[in-house]
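Down below is the structure, laid out as structure tokens.
What follows is calculated from the coordinates using simple rules that are stated; it is not laboratory data. Computed from a prediction, not measured in an experiment: that's the story for all the values here. Cβ atoms come from the backbone with ideal geometry, glycine included; neighbour counts cover every protein chain shown.
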Amino acid sequence: MVDVKKLMAVMFLLILFVPHSFAIRQPVGVAGFVYLDDQPLPNALILITNLNTSDTDTATTNAEGLYVASLYADNGDTLRVVAIAMSGENTTIVNLSRPTQWLNLSLTTTTSSLLRQPIGVAGIVLHNLSTVAGATVYVTNVNTGETSTTTTNTKGMYATSVSGGNGDTIRVVVVSGDFVGSTIGDVNISKPTQWLNISVGGILADFRLESPFPKVNEPVKFRDRSIGNPVSWLWSFGDGTSSTQQNPTHTYKKPGTYTVSLTVTNIAGEKSTTASIVRVMGAEGGNPYIPTPKRPEYPRGYTIKQMCKLLRIDDITPSSDKVTIVYIDTGCNDRTFNVEGHLLDLGKIQRYRIPTLHSADDRYGHGTAVGSILLYILDAKVTNYRIISIKAFNDRGETSTELFLKAMDMAKAFKPDIVSISAGAYPVRNDPLVKKAEELTESGIVVVASAGNVGQIGSILSPAIAPDVIAVGAEDPRQTIDNLQDDVLCRWSSKGYPEQDKPDVVAPGESIRLPWGKTEEHVLSGTSFSAPLVAGGIAIMISKNRGLYDFAKTLYFWDKKIVVNAVKDALKESCYVKGKKNEWGAGIPIFSVAVERLYWKLFLLVLLPIVVIIIAVSSILIFIIFRRRRVWWT
């Protein structure tokens, strides 16, 4: 028999302890208009969230830009509306006296830049109409360089994901024994999966840009590098023009970013298509950009720990002295990432943004990857560190020179030991980024920057090209971490002119497994990931020599660049020497040696003025003594 008293008691306790939010919240209507550049935005997917309960609802705007939704809320709750796939939001406080909570959203072309999100890419790989199992498939977002690697199943099907936005170009490359193939397609995020079937054969499209820094109204040479003896070529230059020449020359009339595609056909009728991004700058130069990551050579990838082992960072004992490093990028996400059992908490990275951006979060992905490298090095080797992320790029990885200069000013205001930059612009005469970077070094800050992923002679980006900035190229360990002798320069690593002392050093940049965005991880290649390895190593050099370093900066207050260049010289003198200076720089840094080399350089810097003072004082004393003796004798 049911005990009525106990049942009533339980019901009373349930009522008593049920959260207030569930006890009294009621369905509330939410509606509003969405505008883009003051015009109604139809067919926009809208997400409405009660920030007090995390209850959500979605809606789609009609032809007039109106959306209507409903969710549980109470007086005083905060509602947020976000346009999915666009960076823009608005909030309001619930007032139940109003039958509908009106929450409009106004976007501009700038703030509505596409927010890249994980998209599925799948397809069937065929050869002579038969499916191909076990083929290696590389799926790349040409616009971001993000690459995912997978293999086909027994039915010849592949499936993977990369981040993408509407209009991005996806390139699929397949390798199966002696058979190869490639194709491209444009992203349409209204489709749950981007289907790209591909036939493999004996031809693979490939090309390169002969001009490292193309400008408006200047001829740009395209060089066909396809394999498989093509007999016909079809080029699309991204500006509405095309060519059927093998190695065409094209002139762009406007600055901008263009997607160039090439389709080649061999005598058997087999086709292959590829695409790449070409950035054309105006006569005054282009804006800073994130160098596009390159397709990894090794799908499994190296870990950050392995790269630190190559640079002999693992051989250094931990330091307890403080060091501060700022990096300027696309932001950073609060997430975790496992590096061979070492769980990184990226929430330790302090996040800031330039004022024109809405959030310090990384909605592009690049900054999270860069930050993880810095965090691993300092987390493992320095107990007292500060890492600061400054977001200077929007959700598409774009910025302007003016905004990037503001980010560099912000970095300077933090008074860090090091500023790390995995971005750049094509250098111009009286380059503003070079001037600002030199300003940072004059204030006693070590500036490290990626050399770029252009791969040609004379293609070092700005600010890496600045004389006092440490420009970092990329090398490939060829899967032998302990043996530096067989390492090769990455073919896409930017090189200096023969008479130019750039890059300064090179570091691993090929196929590193890193976090991307909020939840993903990918194997990535690029000088973007070489630079933070060097910046992190320099942070240890400074931390291990903190006392002498600060003393030297105090002694040389009138020219702090002297101490900054001591760091640069110690780094270069500790390198494992490789090839040409304009390709390898001084070589591959050996940081266990660099720590000691910096100690002696700082020691001599500190000793020199002391010796000078002693000599000066001694000379004065001797002069006084002899003068007094002469007076006494007379």
| request: Calculate the dipole size of the chain relative to its Cα centre from +1 charges on Lys and Arg beta carbons and -1 charges on Asp and Glu beta carbons; express the result in debye to the nearest 20. | output: 1680
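To the nearest 500 deg cm²/dmol, what mean residue ellipticity at 222 nm is calculated for the chain from DSSP H runs of n ≥ 4 alone, each contributing -39,500 (n - 2.57), summed and divided by the residues? Provide the component values of the computation, followed by the final result.
Details: 11 runs with 154 residues, N = 634.
Helices in the chain give a 222 nm mean residue ellipticity of -8000 deg cm²/dmol.
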| query | Along the charge dipole of the stretch 25-107, Cβ charges K/R +1 and D/E -1, which of Ala83, Val94, Tyr35 sits furthest on the positive end? | reply | Val94
| Could you state the number of Å between the C-alpha centres of the stretch 283-350 and the stretch 54-85? | 37
| request: Please tell me the relative contact order of the stretch 151-265 in percent, rounded to the nearest whole number, where contacts are Cα pairs under 8 Å and at least six residues apart. | output: 19
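Using the number of other C-beta atoms within 10 angstrom as an exposure proxy, rank Ser389, Ser97, Ser276 with the fewest first. Each step should come with its number before you reach the end.
Working: Ser389 27, Ser97 6, Ser276 20.
Least to most surrounded, the residues fall as Ser97, Ser276, Ser389.
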| remark: Taking Cα atoms, the helix 527-544 axis meets the longest principal axis of the chain at an angle in degrees (rounded to 10) of 50
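Provide the FRET efficiency to the nearest 0.05 for the Thr92-Asp186 pair, computing r from the beta carbons and using R0 = 45 Å. Kindly include the intermediate steps, with their values, before the conclusion.
Working: r = 37 Å, r/R0 = 0.81.
That pair, Thr92 with Asp186, gives E of 0.80.
Counting alpha carbon pairs within less than 8 Å and at least 6 residues apart, what relative contact order, in whole percent, applies to the stretch 304-606?
Working: 747 pairs, mean separation 60.9, N = 303.
It comes to 20 percent, rounded to a whole number.
In debye, nearest 20, what is the charge dipole magnitude of the stretch 304-606 about its Cα centre with +1 on Lys and Arg Cβ and -1 on Asp and Glu Cβ, if you could check? It would help to have the intermediate numbers written out before the result.
Numbers: 37 positive and 37 negative charges, 84 e Å.
Dipole magnitude for the stretch 304-606 comes out near 400 debye.
Checking the a/c ratio against 1.5 first, then a/b against b/c, what shape does the Cα gyration tensor give for the stretch 304-606? Kindly include the intermediate steps, with their values, before the conclusion.
Working: a/c = 1.12, a/b = 1.08, b/c = 1.04.
It comes out rounded by the Cα gyration axes.
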| task | Have a look at Thr303, Gly341, Gly537 and report the one farthest towards the positive end of the charge dipole of the chain, computed about the Cα centre with Cβ charges (Lys/Arg +1, Asp/Glu -1). | result | Gly537
| request: Please list, or write none, the lysines whose alpha carbon is within less than 26 Å of the alpha carbon of Lys495, excluding same-chain residues fewer than 8 places away. | output: Lys215, Lys221, Lys294, Lys309, Lys435, Lys436, Lys561, Lys568, Lys572, Lys578, Lys580, Lys581
| request: Would you pull out the residues with amide H under 5 Å of Glu146's amide H, same chain only if 5 or more places away, H placed 1.01 Å from N? | output: Asn141
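Which is the longest stretch in the chain that no exposed loop site breaks, taking sites as chymotrypsin sites (Phe, Trp or Tyr not before Pro) with a DSSP loop state and at most 10 other Cβ atoms within 10 Å?
On the way: sites that count: Phe557, Trp558.
After excluding every exposed loop site, the longest remaining stretch is 1-556.
Sorted from fewest to most neighbouring beta carbons within 10 Å, what does the list His342, His127, His522 look like?
On the way: His342 14, His127 18, His522 22.
Starting with the residue having the fewest Cβ neighbours, the order is His342, His127, His522.
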| request: Please name whichever of Ile622, Ser462, Pro248 sits farthest to the positive end of the charge dipole of the chain, dipole taken about the Cα centre and charges placed at Cβ: Lys and Arg +1, Asp and Glu -1. | output: Ile622
| note | In degrees rounded to 10, the 0-90 angle between helix 4-17 Cα long axis and the longest Cα principal axis of the chain is 50
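How much length is gained on full extension from Gln456 to Val175, taking 0.36 nm per residue of separation minus their Cα-Cα distance?
Working: separation 281, 0.36 × 281 = 101.16 nm, distance 2.63 nm.
Full extension from Gln456 to Val175 adds 98.5 nm.
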| For the chain, what is the relative contact order in percent, using Cα pairs closer than 8 Å and at least 6 residues apart in sequence? | 9
| What nm distance separates the two modelled labels at Ile124 and Gln39, each placed 7 Å from Cα along Cα→Cβ? | 4.1
| request: Measure nothing but the geometry: give the 0 to 90° angle between the long axis through the Cα atoms of 432-442 and the longest principal axis through the Cα atoms of the chain, rounded to 10°. | output: 50
